[in-house]
Amino acid sequence: MDGPGCPLSGGAGAPGAASACAGCPGQAACQQGTNTGPDAGIAKVKERLGQVKFKVLILSGKGGVGKSTFTSLLGRSLASKFPEKNIGILDIDICGPSQPRVLGASGEQVHNSGSGWSPIFIEDNLSVMSIGFLINSPDDAIIWRGPKKNGLIQQFLTEVDWGQLDFLLIDTPPGTSDEHISLVTSMREANLTGGILITTPQELALLDVRKEATFCRKMKIPILGIVENMSTFVCPKCSTESEIFPRANRKEEVEATLLGSMPLDPRLARCCDTGKDPLIEMKDSPAMISLNSIVNNFLAECKFQP
Ligand code: ADP
(Lines give C-alpha, C1' and ligand atoms only; values in the text may rest on other atoms or scores of the structure.)
Protein backbone atom coordinates (compact mmCIF):
# COMPACT_ATOMS: atom_id res chain seq x y z
CA MET A 1 0.00 0.00 0.00
CA ASP A 2 1.35 3.34 -0.97
CA GLY A 3 -1.38 5.92 -0.64
CA PRO A 4 -0.86 9.28 1.02
CA GLY A 5 0.02 8.67 4.64
CA CYS A 6 0.80 4.98 4.11
CA PRO A 7 2.81 4.16 7.22
CA LEU A 8 4.96 1.51 5.62
CA SER A 9 6.10 3.00 2.35
CA GLY A 10 6.45 6.69 3.05
CA GLY A 11 3.40 7.75 1.11
CA ALA A 12 4.98 8.42 -2.28
CA GLY A 13 3.74 7.08 -5.61
CA ALA A 14 0.48 5.60 -6.79
CA PRO A 15 -1.60 3.63 -4.31
CA GLY A 16 -0.81 -0.05 -4.50
CA ALA A 17 2.17 0.48 -6.79
CA ALA A 18 5.20 0.15 -4.54
CA SER A 19 6.85 -3.17 -3.78
CA ALA A 20 6.13 -2.48 -0.10
CA CYS A 21 2.45 -2.86 -1.02
CA ALA A 22 2.84 -6.52 -1.96
CA GLY A 23 0.79 -8.64 0.41
CA CYS A 24 -0.37 -5.68 2.52
CA PRO A 25 -3.89 -6.35 3.79
CA GLY A 26 -4.74 -2.66 3.35
CA GLN A 27 -3.87 -2.68 -0.36
CA ALA A 28 -7.37 -3.11 -1.77
CA ALA A 29 -8.88 -0.45 0.46
CA CYS A 30 -6.02 1.87 -0.41
CA GLN A 31 -6.51 1.41 -4.16
CA GLN A 32 -10.24 1.93 -3.88
CA GLY A 33 -9.69 4.99 -1.72
CA THR A 34 -11.83 3.53 1.05
CA ASN A 35 -9.11 3.65 3.68
CA THR A 36 -9.89 7.17 4.78
CA GLY A 37 -11.78 9.15 7.38
CA PRO A 38 -11.50 9.14 11.15
CA ASP A 39 -15.06 7.89 11.70
CA ALA A 40 -14.56 4.96 9.35
CA GLY A 41 -11.38 4.21 11.30
CA ILE A 42 -13.20 4.28 14.65
CA ALA A 43 -15.90 1.95 13.30
CA LYS A 44 -13.24 -0.47 12.00
CA VAL A 45 -11.46 -0.52 15.35
CA LYS A 46 -14.76 -1.21 17.07
CA GLU A 47 -15.47 -4.04 14.66
CA ARG A 48 -12.01 -5.61 15.11
CA LEU A 49 -11.53 -5.12 18.85
CA GLY A 50 -15.08 -4.77 20.16
CA GLN A 51 -15.20 -8.45 21.17
CA VAL A 52 -11.90 -8.36 23.11
CA LYS A 53 -13.04 -8.43 26.73
CA PHE A 54 -10.18 -6.49 28.31
CA LYS A 55 -8.22 -3.84 26.45
CA VAL A 56 -5.52 -2.31 28.59
CA LEU A 57 -2.98 0.44 27.85
CA ILE A 58 0.38 0.23 29.60
CA LEU A 59 1.66 3.76 30.06
CA SER A 60 4.69 5.49 31.53
CA GLY A 61 5.70 9.11 31.85
CA LYS A 62 9.22 8.44 30.58
CA GLY A 63 11.26 5.69 28.97
CA GLY A 64 13.37 3.13 30.77
CA VAL A 65 11.09 2.59 33.76
CA GLY A 66 10.15 -0.97 32.75
CA LYS A 67 6.90 -0.45 30.81
CA SER A 68 7.76 -3.02 28.13
CA THR A 69 9.16 -5.42 30.69
CA PHE A 70 5.99 -5.21 32.73
CA THR A 71 3.75 -5.57 29.65
CA SER A 72 5.52 -8.78 28.67
CA LEU A 73 5.38 -10.11 32.24
CA LEU A 74 1.68 -9.34 32.52
CA GLY A 75 1.07 -11.12 29.21
CA ARG A 76 3.14 -14.15 30.19
CA SER A 77 1.55 -14.32 33.63
CA LEU A 78 -2.04 -14.12 32.33
CA ALA A 79 -1.27 -16.73 29.67
CA SER A 80 0.13 -19.13 32.24
CA LYS A 81 -2.60 -18.52 34.85
CA PHE A 82 -5.44 -18.97 32.35
CA PRO A 83 -4.46 -21.48 29.65
CA GLU A 84 -7.96 -21.33 28.16
CA LYS A 85 -7.83 -17.53 27.69
CA ASN A 86 -6.10 -15.81 24.79
CA ILE A 87 -3.77 -12.90 25.38
CA GLY A 88 -2.46 -10.47 22.76
CA ILE A 89 0.33 -7.92 23.17
CA LEU A 90 0.34 -4.98 20.77
CA ASP A 91 3.59 -3.04 20.78
CA ILE A 92 3.03 0.44 19.42
CA ASP A 93 6.19 1.89 20.97
CA ILE A 94 7.15 2.89 17.45
CA CYS A 95 10.49 4.47 18.24
CA GLY A 96 11.67 1.69 20.52
CA PRO A 97 9.74 -1.52 19.95
CA SER A 98 11.13 -4.03 22.44
CA GLN A 99 8.48 -6.77 22.68
CA PRO A 100 10.12 -8.99 20.01
CA ARG A 101 13.36 -9.08 22.04
CA VAL A 102 11.77 -9.35 25.47
CA LEU A 103 9.47 -12.16 24.34
CA GLY A 104 12.24 -14.02 22.52
CA ALA A 105 10.78 -13.42 19.05
CA SER A 106 13.44 -11.20 17.46
CA GLY A 107 13.87 -11.85 13.75
CA GLU A 108 10.45 -13.48 13.34
CA GLN A 109 8.59 -12.62 10.14
CA VAL A 110 5.04 -11.37 10.25
CA HIS A 111 2.86 -12.83 7.52
CA ASN A 112 -0.17 -11.20 6.05
CA SER A 113 -3.16 -12.66 4.32
CA GLY A 114 -6.65 -11.58 3.31
CA SER A 115 -7.66 -11.53 6.96
CA GLY A 116 -4.79 -9.31 8.07
CA TRP A 117 -1.35 -9.52 9.68
CA SER A 118 -0.85 -12.68 11.68
CA PRO A 119 0.71 -11.99 15.07
CA ILE A 120 3.65 -14.08 16.31
CA PHE A 121 2.75 -16.77 18.84
CA ILE A 122 4.96 -16.97 21.93
CA GLU A 123 2.73 -19.58 23.56
CA ASP A 124 -0.43 -21.26 22.29
CA ASN A 125 -2.45 -18.53 24.00
CA LEU A 126 0.00 -15.60 23.89
CA SER A 127 0.59 -13.66 20.68
CA VAL A 128 2.38 -10.43 19.89
CA MET A 129 2.37 -7.84 17.12
CA SER A 130 5.04 -5.19 17.02
CA ILE A 131 6.47 -2.62 14.65
CA GLY A 132 9.72 -4.42 15.45
CA PHE A 133 8.61 -7.24 13.13
CA LEU A 134 8.14 -4.88 10.21
CA ILE A 135 11.54 -3.22 10.16
CA ASN A 136 14.59 -4.77 8.56
CA SER A 137 16.95 -4.72 11.50
CA PRO A 138 16.49 -4.07 15.23
CA ASP A 139 19.02 -1.24 14.84
CA ASP A 140 17.01 0.60 12.19
CA ALA A 141 16.35 4.09 13.41
CA ILE A 142 12.67 4.80 13.01
CA ILE A 143 12.22 8.49 12.67
CA TRP A 144 8.64 8.86 11.60
CA ARG A 145 6.45 11.88 11.52
CA GLY A 146 3.06 12.13 13.24
CA PRO A 147 0.67 11.23 10.38
CA LYS A 148 2.76 8.21 9.45
CA LYS A 149 2.87 6.97 13.03
CA ASN A 150 -0.85 7.50 13.45
CA GLY A 151 -1.52 5.63 10.21
CA LEU A 152 0.46 2.67 11.45
CA ILE A 153 -1.31 2.66 14.81
CA GLN A 154 -4.64 2.68 12.99
CA GLN A 155 -3.48 -0.29 10.91
CA PHE A 156 -2.33 -2.15 13.98
CA LEU A 157 -5.72 -1.63 15.59
CA THR A 158 -7.69 -2.79 12.57
CA GLU A 159 -5.59 -5.18 10.53
CA VAL A 160 -4.06 -7.66 12.95
CA ASP A 161 -5.80 -11.02 12.80
CA TRP A 162 -5.76 -11.85 16.53
CA GLY A 163 -8.50 -14.45 16.39
CA GLN A 164 -10.59 -14.54 19.55
CA LEU A 165 -8.84 -12.58 22.34
CA ASP A 166 -9.67 -12.17 26.02
CA PHE A 167 -6.97 -9.63 26.88
CA LEU A 168 -5.23 -7.12 24.63
CA LEU A 169 -2.28 -5.39 26.32
CA ILE A 170 -1.03 -2.33 24.47
CA ASP A 171 2.57 -1.25 25.09
CA THR A 172 2.54 2.47 24.30
CA PRO A 173 5.41 4.93 23.73
CA PRO A 174 6.56 6.87 26.82
CA GLY A 175 4.92 10.19 27.62
CA THR A 176 1.71 11.59 26.22
CA SER A 177 2.18 12.18 22.52
CA ASP A 178 0.08 12.41 19.37
CA GLU A 179 0.26 8.64 19.17
CA HIS A 180 -1.57 8.33 22.48
CA ILE A 181 -4.30 10.72 21.40
CA SER A 182 -4.64 8.94 18.07
CA LEU A 183 -4.79 5.57 19.81
CA VAL A 184 -7.37 6.59 22.37
CA THR A 185 -9.48 8.43 19.78
CA SER A 186 -9.48 5.39 17.50
CA MET A 187 -10.45 3.13 20.38
CA ARG A 188 -13.13 5.34 21.83
CA GLU A 189 -16.02 3.11 20.71
CA ALA A 190 -14.20 -0.15 21.34
CA ASN A 191 -14.50 0.20 25.14
CA LEU A 192 -11.03 0.56 26.58
CA THR A 193 -10.87 -1.17 29.96
CA GLY A 194 -8.28 1.25 31.29
CA GLY A 195 -4.62 2.08 31.73
CA ILE A 196 -1.85 0.87 34.01
CA LEU A 197 0.80 3.46 34.87
CA ILE A 198 4.36 2.25 35.33
CA THR A 199 6.74 4.32 37.39
CA THR A 200 9.88 4.14 39.50
CA PRO A 201 10.17 5.61 42.97
CA GLN A 202 12.19 8.66 41.93
CA GLU A 203 10.56 12.04 42.09
CA LEU A 204 11.07 12.74 38.37
CA ALA A 205 9.32 9.56 37.29
CA LEU A 206 6.60 10.47 39.71
CA LEU A 207 6.12 13.91 38.19
CA ASP A 208 5.98 12.31 34.78
CA VAL A 209 3.44 9.77 35.89
CA ARG A 210 1.27 12.54 37.27
CA LYS A 211 1.13 14.01 33.75
CA GLU A 212 0.17 10.57 32.48
CA ALA A 213 -2.63 10.36 35.06
CA THR A 214 -3.91 13.78 34.00
CA PHE A 215 -3.89 12.60 30.38
CA CYS A 216 -5.96 9.54 31.34
CA ARG A 217 -8.51 11.67 33.17
CA LYS A 218 -8.79 14.14 30.30
CA MET A 219 -9.20 11.31 27.79
CA LYS A 220 -11.61 9.49 30.15
CA ILE A 221 -9.43 6.40 30.43
CA PRO A 222 -10.01 4.65 33.77
CA ILE A 223 -6.74 4.26 35.69
CA LEU A 224 -6.58 0.63 36.79
CA GLY A 225 -3.58 1.37 38.98
CA ILE A 226 0.09 2.12 39.30
CA VAL A 227 2.96 -0.35 39.26
CA GLU A 228 6.10 0.83 40.97
CA ASN A 229 9.04 -0.85 39.28
CA MET A 230 12.63 -1.06 40.56
CA SER A 231 11.31 -0.18 44.01
CA THR A 232 14.13 -2.04 45.74
CA PHE A 233 17.24 -3.91 44.67
CA VAL A 234 17.43 -7.66 45.18
CA CYS A 235 20.93 -9.05 45.49
CA PRO A 236 21.10 -12.05 43.16
CA LYS A 237 23.57 -13.79 45.51
CA CYS A 238 22.00 -13.39 48.95
CA SER A 239 18.50 -12.15 47.95
CA THR A 240 18.77 -9.22 50.40
CA GLU A 241 16.47 -6.38 49.36
CA SER A 242 17.67 -2.78 49.66
CA GLU A 243 16.04 0.54 48.81
CA ILE A 244 18.10 2.51 46.28
CA PHE A 245 15.85 5.35 45.11
CA PRO A 246 14.32 8.01 47.33
CA ARG A 247 10.65 7.29 47.82
CA ALA A 248 7.69 9.66 47.41
CA ASN A 249 4.05 9.19 48.26
CA ARG A 250 2.65 8.42 44.82
CA LYS A 251 -0.73 7.17 45.92
CA GLU A 252 -1.90 10.57 47.08
CA GLU A 253 -0.06 12.36 44.28
CA VAL A 254 -1.93 10.66 41.47
CA GLU A 255 -4.99 9.30 43.27
CA ALA A 256 -4.79 5.79 41.90
CA THR A 257 -4.53 2.33 43.37
CA LEU A 258 -1.00 1.02 43.84
CA LEU A 259 -1.21 -2.43 42.22
CA GLY A 260 2.16 -3.29 43.70
CA SER A 261 5.92 -2.83 43.59
CA MET A 262 8.46 -4.90 41.74
CA PRO A 263 12.11 -5.01 42.79
CA LEU A 264 15.06 -4.44 40.50
CA ASP A 265 16.67 -7.81 39.87
CA PRO A 266 19.58 -8.25 37.44
CA ARG A 267 18.27 -11.72 36.56
CA LEU A 268 15.10 -10.12 35.21
CA ALA A 269 17.11 -7.77 32.99
CA ARG A 270 19.09 -10.77 31.69
CA CYS A 271 15.95 -12.77 30.94
CA CYS A 272 14.49 -9.82 29.03
CA ASP A 273 17.70 -9.30 27.06
CA THR A 274 17.79 -12.94 26.00
CA GLY A 275 14.05 -13.40 25.55
CA LYS A 276 13.78 -16.05 28.25
CA ASP A 277 10.65 -16.44 30.35
CA PRO A 278 11.31 -15.00 33.85
CA LEU A 279 8.27 -16.87 35.18
CA ILE A 280 10.23 -20.07 34.55
CA GLU A 281 13.84 -18.90 34.92
CA MET A 282 13.39 -17.08 38.24
CA LYS A 283 10.17 -18.63 39.40
CA ASP A 284 10.42 -18.14 43.18
CA SER A 285 12.29 -14.81 43.11
CA PRO A 286 10.93 -11.77 45.00
CA ALA A 287 10.28 -10.10 41.62
CA MET A 288 8.04 -12.93 40.40
CA ILE A 289 6.26 -13.16 43.75
CA SER A 290 5.54 -9.41 43.52
CA LEU A 291 4.42 -9.82 39.93
CA ASN A 292 1.89 -12.46 40.94
CA SER A 293 0.36 -10.15 43.50
CA ILE A 294 0.30 -7.24 41.02
CA VAL A 295 -1.47 -9.42 38.44
CA ASN A 296 -4.07 -10.51 41.01
CA ASN A 297 -4.70 -6.88 41.96
CA PHE A 298 -4.99 -5.96 38.28
CA LEU A 299 -7.54 -8.75 37.72
CA ALA A 300 -9.54 -7.50 40.70
CA GLU A 301 -9.50 -3.93 39.30
CA CYS A 302 -10.75 -5.31 35.95
CA LYS A 303 -13.48 -7.26 37.80
CA PHE A 304 -12.28 -10.32 35.90
CA GLN A 305 -14.28 -13.53 36.40
CA PRO A 306 -12.34 -16.62 35.26
P1 ADP B 1 10.56 1.04 29.05
O2 ADP B 1 9.63 0.15 28.26
O3 ADP B 1 9.83 1.79 30.14
O4 ADP B 1 11.39 1.94 28.20
P5 ADP B 1 12.04 -1.38 29.57
O6 ADP B 1 10.95 -2.33 29.96
O7 ADP B 1 12.59 -1.51 28.20
O8 ADP B 1 11.58 0.11 29.84
O9 ADP B 1 13.17 -1.53 30.67
C10 ADP B 1 14.38 -0.78 30.58
C11 ADP B 1 15.54 -1.68 31.03
O12 ADP B 1 15.39 -1.98 32.41
C13 ADP B 1 15.57 -3.02 30.30
O14 ADP B 1 16.91 -3.37 30.08
C15 ADP B 1 14.93 -3.99 31.29
O16 ADP B 1 15.41 -5.31 31.14
C17 ADP B 1 15.35 -3.39 32.61
N18 ADP B 1 14.37 -3.64 33.71
C19 ADP B 1 13.09 -3.25 33.77
N20 ADP B 1 12.53 -3.59 34.94
C21 ADP B 1 13.50 -4.25 35.63
C22 ADP B 1 13.56 -4.87 36.93
N23 ADP B 1 12.51 -4.86 37.75
N24 ADP B 1 14.73 -5.46 37.29
C25 ADP B 1 15.80 -5.43 36.47
N26 ADP B 1 15.83 -4.85 35.27
C27 ADP B 1 14.68 -4.27 34.84
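The values are calculated or read from the model by the stated rules, or taken from the named source; none is laboratory data. Keep in mind that what you see is a predicted model, and the values were worked out from it rather than measured. As a convention, Cβ positions derive from the backbone with ideal geometry for all residues, glycine included, and neighbour counts pool all protein chains shown. We work out accessible area using only protein heavy atoms, side chains counted, and drop any ligands, DNA or RNA first. Shrake-Rupley method; radii C 1.70, N 1.55, O 1.52, S 1.80 Å.
Below are the figures for this structure:
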| item | result |
| --- | --- |
| Taking all pairs of distinct alpha-carbon atoms in the range 186-306, Kirkwood radius in angstrom | 15.6 Å |
| Two-site FRET efficiency, ALA269 against SER115, from Cβ-Cβ distance with R₀ of 30 Å, rounded to 0.05 | 0.20 |
| Net length gained if the chain between GLU123 and THR257 were fully extended (0.36 nm per residue, minus Cα distance) | 45.2 nm |
| Accessible area (Å², per residue) of the range 17-302, counting only protein heavy atoms and a probe of 1.4 Å | 44 Å² |
| Net length gained if the chain between GLN164 and PHE245 were fully extended (0.36 nm per residue, minus Cα distance) | 25.0 nm |
| Inter-label distance, nm, simple model (7 Å from Cα along the C-beta direction), ILE181/ALA40 | 2.3 nm |
| Distance (nanometres) between label positions extended 7 Å along Cα→Cβ at GLN51 and THR214 | 4.1 nm |
| Calculated log₁₀ intensity ratio I(q)/I(0) where the Debye formula runs over C-alpha points of the range 17-302, q = 0.07, 0.12, 0.14 Å⁻¹ | -0.25, -0.74, -1.01 |
| Largest to smallest principal axis extent of the C-alpha atoms in the range 109-232, angstrom | 46, 35, 33 |
| Reachable lysines, given that their alpha-carbon falls under 30 Å from the alpha-carbon of LYS237 and they are not under 8 places away in the same chain | LYS67, LYS81, LYS276, LYS283 |
| Surface share of carbon and sulfur [accessible, 1.4 angstrom probe, percent] for the range 17-302 | 50 percent |
